[in-house]
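Novice: Before we start, here is the structure in question, set down as structure tokens.
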Amino acid sequence: MSDERSRILIAGLGYIGLPTAALIARNQIKVSGFDINEHVVNTVNRGEIHIVEPGLGDLVQHVVSNGYLKASTEPGKADVFMIAVPTPFTKNNEPDISFVEEVTRRFIPFLEEGNLFIIESTCPVGTTEKMTRLIFSERPELEGKIYIAYCPERVLPGKVIDELENNDRVIGGIDQASSDIAAKFYALFVRGELHRTNAKTAEMCKLTENSARDVSIAFANELSIICDKAGINIWELIYLANKHPRINILQPGVGVGGHCIAVDPWFIVSEFPLESKIIRTAREINNYKPLWVMDRIKSVILRYVELHGRKPRVALMGLAFKPDIDDLRESPALYIANEMLHFDKAEVFYVEPNLPSDSSKLADFRSVLPVNEAYAVADIVVFLVAHREFRQLEIDDRKIELDFCGVRNSLKA
Ligand SMILES: NC(=O)c1ccc[n+]([C@@H]2O[C@H](COP(=O)([O-])OP(=O)(O)OC[C@H]3O[C@@H](n4cnc5c(N)ncnc54)[C@H](O)[C@@H]3O)[C@@H](O)[C@H]2O)c1
């Protein structure tokens, strides 16, 4: 970083850090981005972006060319230090906050009296207090002289710029002064309401939001399995139940994916294993759903082989973790597709209309086909994700269709 002091320093120029940096810079505030990935830093400094997000390219180009945003592989001095690095979970479903800790350690030498230190990464409860202890153990002279807060992000990919600016924010300081100073900072670029609380509550609030979604989806997924056994159309059932003025059941699917809802509830479960029974069970139900779907697909295929004496051609429709996106992270449909690679009783075609067929993300699958072609050649069509392209397919009664995501359901509450 140059000697010139930037007012804001943001660590982690990914899906959250880069739009946040650009939005702040748009308000003519000098922002530096710190990222360990040289490719990311060079791309941003050229005024370009390395992720897909509508509107972000133009914004970054604008603020970089105006000199309000620059990136570096080294941190430096600032007034506000912000952390937006990943917080993945380990194989044992435990949160990994090592990236947050590493950045905190990198920031510590640069902290000065009056600075504001903010964590935006999704974190287990107590992380902000832990980082506070780390800072003051290394720099005891700063105790009571800097402001520290946790301010989680709740944006929807695809609408990040709009949501960053307009969503309400929860701001949890380690003390009242930290909450107040952090709220004043966010007021510079956020139009949504700023709700002040303490750090622990803010941390738990983020985890609660995603756990609430997970539990609601688990309820729909459990119902779908019960209805299958009972011979009841789940889509009609939910449509009718949602006619009750105070009921709003979500739609079932093949599981839960993505890097938030499928991950964050574990941050609560791992810390409060005895107390978090519903949250854990919801995770287990949603993780079980793709196995159940897998079982159903295989049994239909085996019945086909028995009846026709040959392997069926099977089209697996959709690999992303939710409709109308190209994101495969933690995708249950992708898990099913990978499992089918090892099942030799069918000739399988893979379909993901949101990715080009030569995408490196699809490298594992030999037979990637466009939507219409796959539907035309298939004996069995399996809808895994309700992409809009699938809804437009005309039904061919000669095909066996397995609809796990409501593509063929025209009943919407
Ligand atoms: N993406 C979302 O929609 C979303 C929504 C809400 C919350 N979050 C949370 O925000 C945080 C960031 O997520 P993301 O999706 O932006 O991640 P990301 O993977 O897109 O970006 C993270 C960036 O941090 C950089 N990085 C990693 N370690 C670093 C280090 N030690 N020092 C400096 N830079 C480092 C990486 O190179 C990368 O560019 C996570 O905690 C995530 O759970 C994400």
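Novice: Let me check I've understood the local charge: for Asn372, count other residues with C-beta under 12 angstrom from its C-beta, Lys and Arg +1, Asp and Glu -1. What total comes out? Please report the intermediate quantities before stating the final value.
Specialist: Details: positive: none; negative: Glu373, Glu389, Glu394, Asp396.
Net of charged neighbours comes to -4.
Novice: Give me the 1.4 Å probe accessible area per residue for the chain, excluding ligands and nucleic acids, in Å².
Specialist: Working: 19670 Å² over 413 residues.
Per residue, the chain has an accessible area of 48 Å².
Novice: How large is Rg over Rh for the chain, taking Rg from the Cα atoms and Rh as the Kirkwood inverse mean of 1/r across Cα pairs?
Specialist: Values: Rg = 24.1 Å, Rh = 23.4 Å.
Looking at the chain, the ratio lands at 1.03.
Novice: Using a cut-off of 20 Å between alpha-carbon atoms, which lysines can reach Lys289, once sequence neighbours fewer than 8 places away in the same chain are excluded?
Specialist: Output for Lys289: Lys91, Lys229, Lys277, Lys298, Lys322.
Novice: Turning to a different aspect of this structure: So how do 253-266, 47-60, 285-298 stack up, highest first, on mean other-Cβ count within 10 Å?
Specialist: Details: 253-266: 24.2, 47-60: 16.5, 285-298: 18.8.
Ranking, from highest mean packing down: 253-266, 285-298, 47-60.
Novice: Continuing with the same structure: Over region 283-413, calculate the relative contact order: mean separation of alpha carbon pairs under 8 Å at least 6 apart, over the residue count, as a percent. Kindly include the intermediate steps, with their values, before the conclusion.
Specialist: On the way: 203 pairs, mean separation 34.3, N = 131.
Computed over region 283-413, the figure is 26 percent.
Novice: While we're here: Of the accessible area of region 76-178, with the probe set at 1.4 angstrom, what percent is carbon plus sulfur?
Specialist: Numbers: 2120 of 4340 Å².
Of the solvent-accessible surface of region 76-178, carbon and sulfur hold 49 percent.
Novice: Separate question: Would you mind putting 237-248, 267-278 in packing order, based on average other-beta-carbon counts within 10 Å, highest first? Could you put the intermediate results ahead of the total?
Specialist: Numbers: 237-248: 12.4, 267-278: 15.5.
Listed from highest to lowest mean packing, they are 267-278, 237-248.
Novice: Take the alpha-carbon positions of region 243-352, form their convex hull, and give its projected area averaged over all directions (one quarter of the hull surface) in nm². Please list the in-between numbers first.
Specialist: Values: hull surface 39.0 nm².
For region 243-352, averaging the hull's shadow over all directions gives 9.8 nm².
Novice: Further question: Just tell me which lysines come within less than 28 Å, Cα to Cα, of Lys184; anything on the same chain fewer than 8 places away is out.
Specialist: Lys184 reaches Lys30, Lys70, Lys77, Lys130, Lys145, Lys159, Lys200, Lys206.
Novice: Tell me, what % of the accessible area of region 265-413 is carbon and sulfur with a 1.4 angstrom probe?
Specialist: Values: 3880 of 7700 Å².
Roughly 50 percent, rounded to a whole number.
Novice: Do any GluC sites (Glu not before Pro) in region 62-152 lie in a loop, going by DSSP, with at most 16 other beta-carbon atoms within 10 Å of their beta carbon, and if so which?
Specialist: Values: sites: Glu101, Glu102, Glu112, Glu113, Glu120, Glu129, Glu138, Glu141, Glu143; in loops: Glu112, Glu113, Glu120, Glu143.
The qualifying sites are Glu112, Glu113, Glu143.
Novice: For a quick check of your reading of the filter: which GluC sites (Glu not before Pro) in region 152-247 sit in a DSSP loop and have no more than 15 other Cβ atoms within 10 Å? Walk me through the intermediate numbers first.
Specialist: Details: sites: Glu153, Glu163, Glu165, Glu193, Glu203, Glu209, Glu222, Glu236; in loops: Glu153, Glu193.
Listed in order of number, the matching sites are Glu193.
Novice: Here's something else I'd like to know. Quick query: amide H of Ile171 versus all other amide H atoms, modeled in the peptide plane; which residues come in under 5 Å with a sequence gap of 5 or more or a different chain?
Specialist: Hits under the 5 Å cutoff: His195, Arg196, Thr197.
Novice: How high is the relative contact order of the chain, in percent, with contacts defined as C-alpha pairs under 8 Å that are six or more residues apart? List each step's numbers first, then the result.
Specialist: Details: 798 pairs, mean separation 45.0, N = 413.
Computed over the chain, the figure is 11 percent.
The values are calculated or read from the model by the stated rules, or taken from the named source; none is laboratory data. The structure presented is a predicted model; accordingly, all values stated were derived computationally and were not measured. Cβ sites come from the backbone with ideal geometry, for glycine too, and all protein chains shown count toward neighbours. Ligands, DNA and RNA are excluded from the accessible area calculation, which covers all protein heavy atoms including side chains. Shrake-Rupley method; radii C 1.70, N 1.55, O 1.52, S 1.80 Å.
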